[in-house]
Amino acid sequence: MNRKSRIILGIDPGTVIMGFSIIQTNGNQIEMLEMDVLKLNGKKDMFERLGIINQTIQQLIDTYHPDAMAIEAPFFGKNVQSMLKLGRAQGVAIAVAMSNQIEVAEYSPKKVKQSITGNGNATKEQIWKMLNSIMRLKNTIKYFDASDALAVAVCHQFNGHGITVPKSAPKKKSSKKTSSWAAFVQQHPERIAKK
């Protein structure tokens, strides 16, 4: 079966460092066309930085004409100010893609890690190593924001277009687990409240 070639823009949003990547897919083949970061001066006005993000993403769209944009969702757990800034950067990126009628998909960091390595808790180094294996990259990595953007683009391809996702080893079933409430009650009669 011959699948149409697609170009996917991957974005790891940020207001100081934004990772981006472009991949081209053809069936099960994935080729990286570009991967880099946009470094912004943290002392510049926030709106000026958002404008630069807008321009950069528009230039990538004008150059590569992607069919889809995959963006990493903000990681919850940072402070509120960081989340607001990250949300703004993500919103600008999504708005640029939508204004160009480009399909947009958002993936949580855990989903990206699971898709690439089979482990939702993989380190950035493990993700980079697996990306190298998938695409036979020879690049060295200076900023993991760039490889995160590459990972989210590859994750989109794996999740939306029928490519086999690397799987982790099946988990062994615990003998303590029960398959129903009836079995649980039978195994643990002391936990049942009596009236």
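The values are calculated or read from the model by the stated rules, or taken from the named source; none is laboratory data. A quick note: this is a predicted structure, and the numbers were derived from the prediction, not measured. Virtual Cβ from ideal backbone geometry, glycine too; neighbours counted across all protein chains shown.
If the condition is being of a type in the set (A, V, I, L, M, F, W, C), touching a strand residue (DSSP E or B) at 6+ places or on another chain (Cβ under 6 Å) and not in a helix (DSSP H, G or I), then the stretch 133-145 contributes no residue at all. For the stretch 129-138, the criterion of being of a type outside the set (S, T, N, Q) and over 17 Å from A153 (Cα atoms) is met by at least one residue. Of all residues in the stretch 17-59, exactly one satisfies the criterion of being within 17 Å of L84 (Cα to Cα), surrounded by 21 or more Cβ atoms within 10 Å (Cβ to Cβ) and touching an Asp or Glu at 6+ places or on another chain (Cβ under 9 Å), namely M18. Each residue in the stretch 109-140 was checked for being polar (S, T, N, Q), loosely packed, with under 15 Cβ neighbours inside 10 Å and under 18 Å from A73 (Cα atoms), and 2 of them qualify. Only residues that are free of Cβ contacts under 8 Å to residues at least 60 places away in the same chain and in contact with a helix residue (DSSP H, G or I) (Cβ under 7 Å, 6 or more places away or on another chain) were counted in the stretch 122-143, giving 8.
Within the stretch 146-161, is even one residue touching a strand residue (DSSP E or B) at 6+ places or on another chain (Cβ under 7 Å), at pLDDT below 90 and buried (at least 16 other Cβ atoms within 10 Å of the Cβ)? The answer is no, given that none of the residues of the stretch 146-161 is touching a strand residue (DSSP E or B) at 6+ places or on another chain (Cβ under 7 Å), at pLDDT below 90 and buried (at least 16 other Cβ atoms within 10 Å of the Cβ). Among the residues here, K43 qualifies as within 15 Å of G14 (Cα to Cα), without any contact (Cβ under 8 Å) to a residue 60 or more places away in the chain and out of contact with any Leu (no Cβ under 7 Å at 6 or more places or on another chain). If the condition is being touching a residue at least 24 places away in the same chain (Cβ under 8 Å), out of contact with any Leu (no Cβ under 9 Å at 6 or more places or on another chain) and not acidic (D, E), then the stretch 97-112 contributes N100, V104, A105, Y107, S108, P109, K111, V112.
Look at (1) crowded, with 16+ Cβ neighbours inside 10 Å; (2) among the small types (G, A, S); (3) outside any loop (DSSP other than H, G, I, E, B) and you find that G14 fails only one, number (3). Criterion first (among the aliphatic types (A, V, I, L, M), assigned to a helix (DSSP H, G or I), over 12 Å from the mean Cα position of the chain (by Cα) and more than 21 Å from I17 (Cβ to Cβ)) does M130 satisfy it? Answer is yes for this residue.
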